[in-house]
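**Q** Attaching a single structure in structure tokens format; questions to follow.
The values are calculated or read from the model by the stated rules, or taken from the named source; none is laboratory data. These numbers come from a predicted model, not from an experiment. Here the Cβ positions follow ideal geometry from the backbone for every residue, glycine too, while neighbour counts run over all protein chains shown. Accessible surface areas use protein heavy atoms only, side chains included; no ligands, DNA or RNA. Shrake-Rupley method; radii C 1.70, N 1.55, O 1.52, S 1.80 Å.
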Amino acid sequence: MKKLLTLLLAVTLLFTLFACNSTSDDNSEENGGSTEGNETVQTSGELSRIDKIKQEGKLRIGTSADYPPYEFHTEIDGVDTIVGFDIALCQYIADDLGVTLEVTDMAFDSLLISLQQDKFDIVAAGMSPDEERLKAADFTDKIFESEQSIILRKADVDLYPTTAELAGASIGVQKGTIQEDIAEGITSNVIKLTKLSELITELKTGKIDAVCIDYPCATAYVSGNDDLIVSDVEIEYEGPGTCLAVQKGETEWAEYLNGIIKTVNEDGTMDQFIAEASMLADASLE
Ligand code: ARG
């Protein structure tokens, strides 16, 4: 009887050992990224964002490339390319991680939803955190700060010396931007469109009276359109500046990005990115 028990115990032990061994084999295969199914999801879920990016060999960013000098399309050697200081910063991050940069261009108001669906590692779109956005994403430290501004047709500049005269005028804003609220504080007639280029066309053709956007973007569009002007009208707005957005709870990832932002701010690299992007923006919109 005793012998039988010992035998049973030995067999059980052998099975257990075998089972453990095959599990760890599976895991090492999954770490190489070759197995699909539940276990893989669990394993990659345990990987940090940085490990995941390194494993996949690419940094995926989402943007809305209609916001010069932050992010915009230009032709480089005959090829349509997305450039801008947000993009230059993300390229710097990709280089630091030793991976390639993958840029997805989409409507501004779809970016945070796509981030939540893990379509990107970062949203880089001249985006400022606000109460609503902070429910959907976490934000890094500030990259850039700008004033708000109003673009008018040059011919109309004397009609609107202050925001008071703009009450009742139609002000165009990009859908989903903080400019929605800013414009609603000035007039009850706010036109929200997805594309900034459409807003500029509407303004030039007299369908709307003004466009409200961040100041650097306003000067970029005006430099390419002789009939438009950035108004001197002062807009009251105190914001936290533009940042990168990451998925909610990704503290370690945000901290790593903050380290990079600190470095590029301190060593002048960010200023260089801004200067280069502004020059490119002026040249490509002329
Ligand atoms: N700074 C504004 C915001 O946070 C507008 C950003 C628009 N960005 C763009 N890439 N079109 O809402």
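**Q** Confirm whether Asp158 is among the acidic types (Asp, Glu) and within 12 Å of the ligand (Cβ to nearest atom).
**A** For Asp158, the condition - among the acidic types (Asp, Glu) and within 12 Å of the ligand (Cβ to nearest atom) - is not met.
**Q** Scan the range 121-143 and report the pairs whose first residue is within 20 Å of Gln91 (Cα to Cα) and among the aromatic types (Phe, Trp, Tyr) and whose second residue is in a loop (DSSP other than H, G, I, E, B) and within 9 Å of the ligand (Cβ to nearest atom), with Cβ atoms within less than 9 Å and a gap of 6+ or a chain change.
**A** Phe139/Ser128; Phe139/Pro129
**Q** Where the second residue is at pLDDT 95 or above and open to solvent by less than 60 Å² (accessible area, probe 1.4 Å) and the first is of a type in the set (S, T, N, Q) and lies in the range 262-276, which pairs have Cβ atoms under 8 Å and are six or more apart or on separate chains?
**A** So the pair list comes out as Thr263/Thr269.
**Q** All but one of (1) touching a residue at least 24 places away in the same chain (Cβ under 8 Å); (2) over 30 Å from Thr269 (Cα atoms) hold for Thr201; state the number of the condition that does not hold.
**A** Exception for Thr201: condition (1).
**Q** Output the number of the condition that Leu111 fails; it satisfies all remaining conditions of (1) within 11 Å of the ligand (Cβ to nearest atom); (2) in contact with a helix residue (DSSP H, G or I) (Cβ under 9 Å, 6 or more places away or on another chain).
**A** Among (1) within 11 Å of the ligand (Cβ to nearest atom); (2) in contact with a helix residue (DSSP H, G or I) (Cβ under 9 Å, 6 or more places away or on another chain), the lone unmet condition for Leu111 is (2).
**Q** Quick one: how many residues across the range 89-139 are touching a strand residue (DSSP E or B) at 6+ places or on another chain (Cβ under 6 Å), assigned to a helix (DSSP H, G or I) and open to solvent by 40 Å² or more (accessible area, probe 1.4 Å)?
**A** Adding up the residues that qualify gives 1.
**Q** Oh, and also: Show the residue pairs that are 6+ apart or on different chains and have beta-carbon atoms under 6 Å apart, the first residue being within the range 44-72 and of a type in the set (Val, Ile, Thr), the second being in a strand (DSSP E or B) and buried (at least 18 other Cβ atoms within 10 Å of the Cβ).
**A** Ile53/Leu59; Ile61/Val103; Ile61/Ile122; Ile61/Ala124; Thr63/Glu71; Thr63/Ala124; Thr63/Ala125
**Q** Then there is this: Can you tell me which residues in the range 116-133 are away from the ligand (no atom under 14 Å from the Cβ) and over 18 Å from Asn258 (Cα atoms)?
**A** Gln116, Gln117, Asp118, Lys119, listed by residue number.
**Q** Kindly evaluate Ser197 against the criterion of being among the polar types (S, T, N, Q), open to solvent by less than 30 Å² (accessible area, probe 1.4 Å), closer than 22 Å to Thr63 by Cα and within 13 Å of the ligand (Cβ to nearest atom).
**A** Numbers: among the polar types (S, T, N, Q): yes; open to solvent by less than 30 Å² (accessible area, probe 1.4 Å): no; closer than 22 Å to Thr63 by Cα: yes; within 13 Å of the ligand (Cβ to nearest atom): yes.
No; evaluated as a whole, the condition is false for this residue.
**Q** Return the residue satisfying two criteria in turn: it lies in the range 62-84 and is buried (at least 18 other Cβ atoms within 10 Å of the Cβ) and more than 22 Å from Ser110 (Cβ to Cβ), and of such residues it is nearest to the ligand (Cβ to nearest atom).
**A** Pro69
**Q** Anything in the range 176-220 that is assigned to a loop (DSSP other than H, G, I, E, B), of a type in the set (S, T, N, Q) and closer than 20 Å to Asp232 by Cα? List them, or say none.
**A** Thr187
**Q** Return yes when Leu59 is more than 16 Å from the ligand (Cβ to nearest atom), closer than 18 Å to Ala137 by Cβ and not aromatic (Phe, Trp, Tyr) and no when it is not. Before you say what the answer is, go through the steps one by one.
**A** Values: more than 16 Å from the ligand (Cβ to nearest atom): yes; closer than 18 Å to Ala137 by Cβ: yes; not aromatic (Phe, Trp, Tyr): yes.
Spelling it out, Leu59 is indeed more than 16 Å from the ligand (Cβ to nearest atom), closer than 18 Å to Ala137 by Cβ and not aromatic (Phe, Trp, Tyr).
**Q** Among Thr251, Thr242, Thr269, which is open to solvent by less than 40 Å² (accessible area, probe 1.4 Å), of a type in the set (Ser, Thr, Tyr) and over 13 Å from Gln148 (Cα atoms)?
**A** Thr269
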